[in-house]
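Novice: Below are the structure tokens for one structure; questions will follow.
Laboratory data are not the source of any read-out in this text; all were calculated from the coordinates shown. Keep in mind that this is a model prediction, so the values were computed, not measured. So basically every Cβ, Gly included, is an ideal-geometry build from the backbone, and we count neighbours across all protein chains shown.
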Amino acid sequence: MTTATTAIPQSDPRARRNSFLLVFSCTILGAAAQLLIKTGMDHFSPHLLALVTNIPLIAGYSLYGINTLMMVLALKNGEMSLLYPIIALTYVWTTLASYTLLGEPSNVYKNVGIATIVLGVAVMGRRGDK
Amino acid sequence: MSPLLKSMLLVFAASVIGSLGMAFLKMGSAHLTRSPWSFLNRKLLFGIALFLGSSVFYAWGIKGKDAQLSVLYPMVAMGYVWGLLWAKLFFDEALTKQKFMGLGLILLGVCFVGLGS
């Protein structure tokens with residue numbers, strides 16, 4: 001009888017699915033962090049009292065930090081090439097939120113640009129010939 | 001220099017530093033074990049430091065009324081272009097035709113978004 005394995009092999013589908021879910025959550029949290037940091041920076045003032053009471057900035061950076069740690073865990077078990085296209089969703093969420101919540105003007109150049117970027121990231125990460 | 005151009009240059013710098021941070025996070029994550037202390041390895045900490053450093057440039061770049069997030073955030077995607085370079089240098093990953101295609105599309109997309117500013 002063999003002893004239980006301690007390490008999860010890279011090809012384990014469960015580990016892969018967990019990496020997927022983790023990275024997907026990261027894209028939503030990442031976009032939220034961007035919005036909070038933007039809001040916080042627009043009220044930025046280089047004074048200690050202003051900094052420690054800048055809730056959006058603090059919340060944004062905290063979220064960004066948590067997001068970074070989650071990404072490290074996802075990258076440990078998952079294949080970078082498979083996770084790339086999912087990470088690109090952050091561009092979609094952030095742009096949509098900029099239009100709706102920050103009131104930035106939407107136009108065809110930006111939208112085509114975002115679609116092209118996401119496509120580019122997907123193509124770059126696709127598993128193909130070596 | 002126009003405020004938006006200054007913002008773009010800051011975000012550009014952030015993309016270079018951030019992608020380098022990502023490469024170090026990848027190197028450092030290979031040293032992670034079940035012990036929480038394995039987080040304190042040099043490469044991982046350096047990666048985190050670069051990540052934080054890039055976020056300072058980025059935050060500085062997106063500050064202000066002229067700094068549209070819908071223009072500047074997509075510029076972060078240029079990090080993928082540098083990422084390919086680090087992948088080649090540090091992990092000896094092959095630069096395939098499809099990676100070049102992806103790279104071209106990302107740069108094209110960033111140009112489009114820039115036109116929309």
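Novice: Mean Kyte-Doolittle of at least 1.0 plus a Cα span of 15 Å or more along the axis: flag which DSSP H helices in chain A meet both, please.
Specialist: Passing helices, by number: A:55-77, A:108-125.
Novice: If you don't mind, another one. Calculate for chain A the 222 nm mean residue ellipticity that helices alone would give, adding -39,500 (n - 2.57) per DSSP H run of length 4 or more and normalising by residue count, nearest 500 deg cm²/dmol.
Specialist: The helix contribution divided over chain A gives -24500 deg cm²/dmol.
Novice: Per-residue Cβ counts within 10 Å, from other chains only, averaged over B:72-81: what number is that?
Specialist: So the per-residue partner count for this stretch is 6.
Novice: Extending each Cα 7 Å along its Cβ direction at A:GLU79 and A:VAL92, get the distance between those two points in nm, one decimal.
Specialist: About 2.2 nm separates the two model spin labels.
Novice: What lysines does B:LYS6 reach when the alpha-carbon gap must be under 29 Å and sequence neighbours fewer than 8 apart in one chain are set aside?
Specialist: B:LYS6 reaches A:LYS38, A:LYS110, B:LYS63, B:LYS65.
Novice: So for the pair A:ASP12, A:ILE28, with labels modelled 7 Å out along Cα→Cβ, what separation do we get in nm?
Specialist: 2.5 nm
Novice: Ok, one more. Let me spell out the model: positive unit charges on the Cβ of Lys and Arg, negative unit charges on the Cβ of Asp and Glu, origin at the Cα centre of chain B. What dipole size does that give, in debye rounded to 20?
Specialist: 180 debye
Novice: Placing unit charges on C-beta atoms (Lys and Arg positive, Asp and Glu negative, everything else neutral), compute the dipole magnitude of the range A:13-125 about its Cα centre in debye, rounded to 20.
Specialist: 360 debye
Novice: Here's another thing I want to ask about it. Taking the Cα centre of the protein assembly as shown as the origin, how large is its charge dipole in debye, to the nearest 20, when only Lys and Arg (+1) and Asp and Glu (-1) carry charge on their Cβ atoms?
Specialist: In total the dipole reaches around 420 debye.
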